[in-house]
Amino acid sequence: MYQPMLYLHWKQIKLVLIPFVIGSFGLPLLTIQGLGTNGGTTVVEPMTALLSAQSWLTMYPLLAAAVGITLALSAWNWDHQLDHVYSLSLPISRRQYAMMKMGAGAALALLPVAALWMGSLVAASVVTLPAGLHAYPNQLALRFLLGVMISYATAFAFAAGTIRTTVIVLSAVLLYFLGGAAAQSYLAVFIPFFQHHDLVGNTFNVLLTTGPFAVFTGSWVLIDV
Amino acid sequence: MNRAIEIHGLGWRAGRSFALKNVELSVPMGSIYGFLGPNGSGKTTTIRLFMGMMKPDHGHIRVLGMDVPRDMARILARVGYVPERPHVYPALTVAEQMRYHASFFRNWDEGWAREMMDRLELDPDRKISRMSKGETGKLLMLLALSQRPDMLVLDEPTDGLDPVVRRDVLTALLDYVGETGATVFISSHLVHELERICDWVGVLDRGEIVAELPMNQFKNGIKRIKVAGAPMIPVDPPFTILSRQTANGNGTETWVVRGWQDPMRQYFDGVGMNLRDIVDLDLEEGFVELLRSSRPHTSHRS
Amino acid sequence: MVAFGALAVAAPAAGQQTEQDLVRRLDGLVPQWEAAQAANANLRERLAREVGRRNGAVDTIRVGPLTMLVRPGRDAVARDVVGTVWRRDFTGWVDRSPALERTTFFFDWSADRKRFDDPDGLVRVIQGSSHDSRKTVEAAVRDAVGDVLQWDLTHSGLADWPDWRVYIASPTPRARLYREMVLSSSTAVRSCIAGDLPECVSATVLKVDAYPLDDWYSPTERLALGSAPYSPWHTTESNAPGCFRNDVTACDAALRTLLSPRDYLLARPRPSSMRGSLLWFALQEGGAHAWSHLLAGPGGGLQNTLESDRAAEIISYVAGEPLDVVITKWRRWVAEDRPVVDAGFGRILGVTLVWIVLLSALAMRSKRCRLG
């Protein structure tokens, strides 16, 4: 069952996934562009090299998020279009079906991750870095893997539910942060507790450090000291 | 008698516009059960409820002796389902869809499936999104039959198909049933089609079951009779009067009755009425009269 | 030292006397001068206490050389917090500090914190609210003490060269310094962190004989500095065309003309924090009397030393070790804390995996009865 499901997802996503794979392989090579390769002559100053590499820095988490979200939405896309009638007529528990579907998408997610890893290894092996700088292909690939997987898992969880559930959850989050911030600043006028305790801000910080997207707050660098 | 589908007190409501009200349904094992009803009567909803795709507000459902939705996975392993609208993945080819489908069904008969594919003239390399409605219909039937189910649930399977395809699909179905004795639950508003193949019939109208009986009783039991000297309120008729119509002002009335049997002729002599004529109705006419009679605002006398 | 200071004051009047007489007379003034100093300190402390009293601080405590005013009932907390900081961050290298001795602190870590009214700035205030963590308050104490310590250097040569003074109490974290040194625009600094000791001496400006642009920067770097929009030379295409035409010789010549040798420190290699770090390290190496050694300095003090080749001598004196040893140890100490690119990644990995499992579990809750 898993293999056909994997094939089904592949068939559905391949036109989008292949550019992602190419992009994932190419991004590390673009990152080292202009830094000088083993055969080349240009060796720039460390700071210049680092700034050049860091100009691509935001692309990595964005790419990871795009890959994860695209895979998750595509996993359920056809089922949503067909009102889930076909999937619900299959002799398999919904949990098992969702699990296999998730597994298929996760397996496909490994393609761009592997491509990025390969691209990073190639980039690290061909570039001549100024003294003091190092390439971190493995760390970057691992971070990318986590970024893809957490985006995938989040979007998959939403897509697996109904639109109603998604709307409720997103509205609740939005209400907490927007409504909560407004309510807090209003209450702070009357209740000293709220002058000293930024509940909404603290929640946001906790989410950033221990929330699902903590991996996106770290340093996504191929090249660093 | 063993029942393939048993539904008791099933209720489901969608807002104010539509509701299934205490549906009672009993499909005998091995029967070909025609589920009749006009568009919007709740046929597809009923099917989705006993296929475990929707949650009823109340009532109990058992399919093939197992509880819905608790045993749904085991039930679906023995049920071939052809839904109202094509539900297969459009980007797959016929062969890919067959492979995908086969992977879920332990009883999948690959040889039979290939034979069917040839017989139904389906191209294995053809993409489903490029197939005509008829070809898709044939594929759906192929998928449902090749899993060798104990029961087939067909929701308007021939709706919109041309006569040739319809014949092919129904022939394949009947061949399978003839070979395996599987139960078939077939929903349709094409009454004449069911007339030929069904041995049981259930009629749903506005979310309520208005009749459920063997096909021969349904067909033979509905008659149009002409009577003279009928009183305003007939005394204890042994049949059900579905409609009354005064003809030409000459004192005779045309009645459509249900549950007719020949010995009932004597009833008219006993109440002073004169039975002039008895006309057989086909299923469609009977169906129409049945629906007309079941609706609260339809006048019985015009 | 006292005599030396007094000499400076009395110099105009000593024109026709012999040097010996002058020294003898001045030495005779020392007790009076010391008494005046003590009276001044005493008066200052009494005034500070008065200010403290007006602000609700009635108790005075002493933690090491620190004099602390505290509110009633808060002395235990103050002793605990300030004592911890003093023992941990200062006792190892500060033996005596005139600036600390003449300073009165006010310590207040409480819920009902009020504004401290001190128009004459007699009291050094360390305040924390009840929402501040102990770590935050300890950092405030450390910064306040470190800041006062710097006053000891006010009349020294160090005052003019903030590179050496800053962060006496809290040096730049090693990992950050390492990063800044590796990314420095100066070849000398990069070579230093890579382990080249002579380059370290050059990069930290410990020995400066001339205008060492060639030591500090490679030709490419000099061109880059010369053509940078905010170069210390204020170069333009008209006043330093060589720098913009990639002509190193012409560029060098222009740079030497635009910046006099005396102003070379404007072009000194960065990061400047490495010099502060080196001084802090030397103080730690020097142990209990390091601060006194720094203030006294070889040959009588720091005056006008760190802009000449005496800086190397002072660092060595403060650390109590030969310069090469101090520099080697310092470089190794900085390099030991090379920034880890995936620092904290283990925690992120754990957090992310937990969330992936959690979200997957949520996805598995997808309902069968989902139509209608």
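Here, each number is a calculation from the coordinates, and none is a lab measurement. As the structure is a prediction and not an experimental result, all values here were calculated from the model. A quick note on method: Cβ atoms are made from the backbone with ideal geometry, for glycine too, and the neighbour counts reach across all protein chains shown.
Residues whose amide H comes within less than 5 Å of that of B:VAL210, counting only those at least five positions distant or on another chain, are B:VAL203, B:LEU204, B:ASP205 (H built at 1.01 Å from N in the peptide plane). Taking a straight line from the alpha carbon of B:LYS55, these lysines sit under 18 Å away, with near neighbours fewer than eight places off in the same chain left out: B:LYS21, B:LYS43, C:LYS367. Rounded to the nearest Hz, the phi-derived 3J(HN,Hα) couplings of region C:101-113 under the Karplus curve 6.51 cos²θ - 1.76 cosθ + 1.60 (θ = phi - 60°) are 5, 9, 9, 10, 9, 10, 10, 9, 10, 8, 6, 9, 4, where x marks glycine and proline.
Amide H contacts for C:ARG124 (H built 1.01 Å from N in the peptide plane; partners 5 or more residues away or on another chain; cut-off under 5 Å): C:THR104, C:PHE105, C:PHE106. Across all directions, the average flat footprint of the convex hull enclosing the Cα atoms of chain B is 18.0 nm². For chain A, the relative contact order comes to 31 percent (Cα pairs under 8 Å, sequence separation of at least 6). Based on DSSP H segments of at least four residues, each scored -39500 (n - 2.57), the protein assembly as shown has a per-residue ellipticity at 222 nm of -16000 deg cm²/dmol.
Remark: the protein assembly as shown carries a charge dipole of roughly 1980 debye about the Cα centre, counting +1 on each Lys and Arg Cβ and -1 on each Asp and Glu Cβ. Mean per-residue shielding of peptide A:76-83 is 4, counting Cβ atoms of other chains within 10 Å of each Cβ.
GNM on chain A, alpha-carbon springs under 10 angstrom: the most fluctuating residue among A:LEU17, A:LEU62, A:LEU199 is A:LEU199. A simple spin-label model places the labels of A:THR128 and A:ASN202 5.5 nm from each other, with each point 7 Å out along Cα-to-Cβ.
Shape call for region A:163-214 from the C-alpha gyration tensor, a ≥ b ≥ c root eigenvalues: rounded (a/c under 1.5), prolate (a/b greater than b/c) or oblate? Taking the square roots of the gyration eigenvalues as a ≥ b ≥ c, region A:163-214 is oblate. The simple spin-label model puts a point 7 Å past each Cα toward its Cβ; for C:ASN42 and C:ALA111 those points are separated by 4.2 nm.
At the listed q of 0.07 Å⁻¹, the Debye profile of the protein assembly as shown, built from one uniform point per Cα, gives log10 I(q)/I(0) equal to -0.82. Highest mobility in the GNM of chain A, judged by mean-square fluctuation with C-alpha springs under 10 Å and restricted to A:SER24, A:SER120, A:SER55, is found for A:SER55.
Couplings 3J(HN,Hα) for region A:62-74, derived from phi with the Karplus relation 6.51 cos²θ - 1.76 cosθ + 1.60 (θ = phi - 60°), are 5, 5, 4, 5, 4, 4, x, 5, 4, 5, 5, 5, 5 Hz, where x marks Gly and Pro. Spin-label model, C:LEU358/A:LYS11: points 7 Å from Cα along the beta carbon direction are separated by 3.7 nm. How about B:LYS127: which lysines have a C-alpha closer than 20 Å to its C-alpha, ignoring those fewer than 8 places off in the same chain? Cα-Cα hits under 20 Å: A:LYS11, A:LYS14, B:LYS138.
Over region B:1-129, the fraction of Cα-Cα pairs per 10 Å bin, rounded to whole percents and listed from the shortest bin up, is 11, 34, 30, 21, 4. Counting every other Cβ atom within 10 Å of each residue's Cβ, B:ILE32, C:ILE193, B:ILE197 order from fewest to most as B:ILE197, B:ILE32, C:ILE193. Bridging of B:LYS223 to aspartates and glutamates at a Cα separation below 15 Å is possible for B:GLU253, B:ASP262, B:ASP277, B:ASP280, B:ASP282, B:GLU284, B:GLU285, B:GLU289, once same-chain residues fewer than 8 apart are set aside. Build a GNM of chain B with springs between Cα atoms under 10 Å apart, and of B:ALA14, B:ALA95, B:ALA73 the one that fluctuates most is B:ALA14. Applying D = kT/(6 pi eta Rh) to region C:218-265, where Rh is the Kirkwood radius over alpha-carbon pairs, T corresponds to 20 °C and eta to 1.002 mPa s, the Stokes-Einstein value obtained is 210 µm²/s.
The overall shape of chain A, judged from the alpha-carbon gyration tensor, is oblate: a/c is not under 1.5, and a/b is no greater than b/c.
The value obtained for region B:222-294, namely the Cα convex hull volume divided by the number of residues, is 90 Å³ per residue. Could you pull out which residues in region B:73-90 have an amide N less than 20 Å from a spot 7 Å beyond the Cα of B:ALA14, following the Cα-Cβ vector? Counting backbone N atoms under 20 Å from the label point, the list is B:82-88. Computed from backbone phi with θ = phi - 60° and the Karplus coefficients 6.51, -1.76 and 1.60, the 3J(HN,Hα) list for region B:29-42 is 5, x, 8, 10, 9, x, 10, 9, x, x, 4, x, 7, x Hz; x is used for glycine and proline. In this structure, the amide hydrogen of C:ARG270, modeled 1.01 Å from its nitrogen in the peptide plane, lies closer than 5 angstrom to those of C:SER185, C:SER186, counting only residues at least 5 positions away or on a different chain. Give the shape of region C:50-152 as rounded, prolate or oblate, defined through the alpha-carbon gyration tensor: a ≥ b ≥ c are the square roots of its eigenvalues, a/c under 1.5 means rounded, and otherwise the shape is prolate if a/b is larger than b/c and oblate if not. Cα axes put region C:50-152 in the oblate bin. In a simple Cβ point-charge model (Lys, Arg +1; Asp, Glu -1; nothing else charged), region C:218-265 has a dipole of about 80 debye relative to its Cα centre. Extension gain, A:GLN81 to A:GLN195: 0.36 nm times the residue separation minus the Cα-Cα distance gives 36.1 nm.
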